[in-house]
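Down below is the structure, laid out as structure tokens.
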Amino acid sequence: MGLLDTLLGRSKPGRPNLDRMFALPPAAVTLDADLGLRSSGGAAVCFKPATGSPFATVESDLSALLDVDSQGGTSGGSLEWSTTTDRYGYQWVVLRGDDLEGVVTHAHMVNSSLETAGYGSQLLCSTFAFDGAPGRLYLVYLYKRGTFYPFAPRQSDRRDNELELKVRSVLGTELTIEEDLARWFPLWGLPL
């Protein structure tokens, strides 16, 4: 950050820290106790696919790793996974498992595999789904900022802002929550 940034009040954005995802399982206990929201066992990693054979090799390797785990391989527990492309051309790796720890581990693996292969700039976010009496909630991890934010979609492209702010209040000490509310982007039509 330079002198001009300081004078203009710009701050340096957070850095990716994929290990922050591992704070989700303990935070899920708090979400359940305080707001009645439980993990649905679903997560999705979103990235902009690159063209060319090096990226195709990375995708193939990633598929092989997920296939091993979906057949009861290294992580134990059950895992189902699929990919889909949204209307904007972003690809989603959708993960479903019987426990949040396993789903978080696999989301971390997808992110870190792309990052290690040099495609970190292609990563957009990872989402983790929760359900309960207040309705559906997603905790969104913004890769480039290294922060989370809650997203509570409702019918007719509306959001439950009150729930989102409650979640921020409840999890503010357990997760690195994005401070800039303008970055709490709506993610309509999530594949979870």
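Before moving on, here are some points about what is shown:
- Scanning segment 148-166 for residues that are modelled with pLDDT under 95 and either among the hydroxyl-bearing types (Ser, Thr, Tyr) or surrounded by 13 or more Cβ atoms within 10 Å (Cβ to Cβ) (or both) gives a single hit, Ser156.
- Residue match in segment 131-139 (condition: surrounded by fewer than 16 Cβ atoms within 10 Å (Cβ to Cβ), out of contact with any strand residue (DSSP E or B) (no Cβ under 7 Å at 6 or more places or on another chain) and touching a residue at least 12 places away in the same chain (Cβ under 8 Å)): yes
- Selected residue (criterion: farthest from Pro186 (Cα to Cα)) from residues of segment 130-175 that are among the small types (Gly, Ala, Ser) and in contact with a Lys or Arg (Cβ under 7 Å, 6 or more places away or on another chain): Gly132
- Residues that are in contact with a helix residue (DSSP H, G or I) (Cβ under 8 Å, 6 or more places away or on another chain), among the polar types (S, T, N, Q) and under 19 Å from Leu65 (Cβ atoms) occur in segment 114-127; there is at least one.
- Test result for Leu123, modelled with pLDDT of 95 or more, under 15 Å from Ala44 (Cβ atoms), buried (at least 18 other Cβ atoms within 10 Å of the Cβ) and within 12 Å of the chain's Cα centre (by Cα): no
- Test: residue in segment 167-178 that is buried (at least 17 other Cβ atoms within 10 Å of the Cβ) and farther than 20 Å from Leu24 by Cα: no
- Spans of strands (runs of 3 or more DSSP E) in segment 117-192 with at least 2 residues under 30 Å from Gly52 (Cβ atoms): 123-132, 137-142
- The residue that is surrounded by the fewest Cβ atoms within 10 Å (Cβ to Cβ), among those in segment 18-67 that are among the polar types (S, T, N, Q) and in contact (Cβ under 8 Å) with a residue 40 or more places away in the chain, is Thr30.
The values are calculated or read from the model by the stated rules, or taken from the named source; none is laboratory data. Predicted, not measured: the structure shown is a model, and the values here were computed from it. Cβ coordinates were reconstructed from backbone atoms using ideal geometry, including for glycine residues, and neighbour counts include every protein chain displayed.
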